[in-house]
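Okay, structure first, notes after.
The values are calculated or read from the model by the stated rules, or taken from the named source; none is laboratory data. Keep in mind it's a predicted model, so treat the numbers as computed, not measured. We place every Cβ from the backbone using ideal geometry, glycine too, and count neighbours over all the protein chains shown.
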Amino acid sequence: MVVAGTLASYYGFFYDNYGVKVVGYIPKGLPSPSVPTFSGLDKYITDIPIIAIIYFAQTVSLAAMLAKKNKYSIDSNQELIAYGAGNIFGSFFSCYPFAASVSRSSVQDSAGGRTQIASVFSATMVLVVILWLGPLFEALPNCVLSAIIVVALRSLILQVLELPKVWRTSKYDFWI
């Protein structure tokens, strides 16, 4: 779908002729490592703990949901240490803060990925795109990316159908 959408957009001049929103410029390569700056920290110091708690809660809840679905267990302390170490390392490369991605995790789960090897494979593919293939995706329409995400999230969206059952079981859980 990605290849077909990109080729159709590129050769059909969708952006120029029809104003279709596309991914646009994608720089190649990785940023050079640098020591993070702490300028402006005073503006965000009160937001940092809140963001960290929200990211961690989202990560653990998504991990717990997938663990229940795929019958394995998680250790939230191990998750916290891994995310902390990853964020410290990533800060030297101008990375966004680490957090679970519902869409990426759903795509991986629906594709059959059940182990960390699937994540290593995904990360390797992202690295290849960042280093060499990024410009090939500049004509990719945003609607194609949206379609992939919606299809991947289908099972999560359909969980809304479970709400009447949750209401009958526990009204407290329903409101959460």
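Give, as residue ranges, the helices (runs of 4 or more DSSP H) completely inside the stretch 1-88 that count at least 3 residues that are closer than 23 Å to Ser106 by Cβ and of a type in the set (Ser, Thr, Tyr).
Counting at least 3 such residues, we get 47-70.
Could you tell me whether Leu133 is under 16 Å from the mean Cα position of the chain (by Cα) and in a helix (DSSP H, G or I)?
no
Determine whether Val120 is at negative phi, among the β-branched types (Val, Ile, Thr) and either over 20 Å from the mean Cα position of the chain (by Cα) or surrounded by 13 or more Cβ atoms within 10 Å (Cβ to Cβ) (or both).
no
Mind checking which pairs have a first residue in the stretch 141-156 that is closer than 14 Å to Val102 by Cβ and a second that is of a type in the set (Lys, Arg) and surrounded by fewer than 13 Cβ atoms within 10 Å (Cβ to Cβ), Cβ under 7 Å, 6 or more apart or different chains?
Final answer for the pair search is none.
If Ala100 satisfies all but one of (1) under 30 Å from Gly12 (Cβ atoms); (2) within 16 Å of the chain's Cα centre (by Cα), what's the number of the condition it fails?
(1)
Please go through the stretch 65-113 and give me each residue that is hydrophobic (A, V, I, L, M, F, W, C) and at pLDDT 90 or above, ordered by number.
Applying the first criterion (hydrophobic (A, V, I, L, M, F, W, C)) to the stretch 65-113 yields 65-67, 74, 80-82, 85, 88-89, 92-93, 95, 98-100, 102, 107, 111.
Ile74, Leu80, Ile81, Ala82, Ala85, Ile88, Phe89, Phe92 - these are the residues of the stretch 65-113 that are hydrophobic (A, V, I, L, M, F, W, C) and at pLDDT 90 or above.
If you take the residues in the stretch 60-84 that are among the hydroxyl-bearing types (Ser, Thr, Tyr) and within 18 Å of Arg114 (Cβ to Cβ), which one is surrounded by the fewest Cβ atoms within 10 Å (Cβ to Cβ)?
Ser73
Given the conditions (1) at pLDDT 85 or above; (2) part of a helix (DSSP H, G or I); (3) surrounded by 13 or more Cβ atoms within 10 Å (Cβ to Cβ); (4) among the hydrophobic types (A, V, I, L, M, F, W, C), and given that Ala139 satisfies all but one, which numbered condition is not satisfied?
(2)
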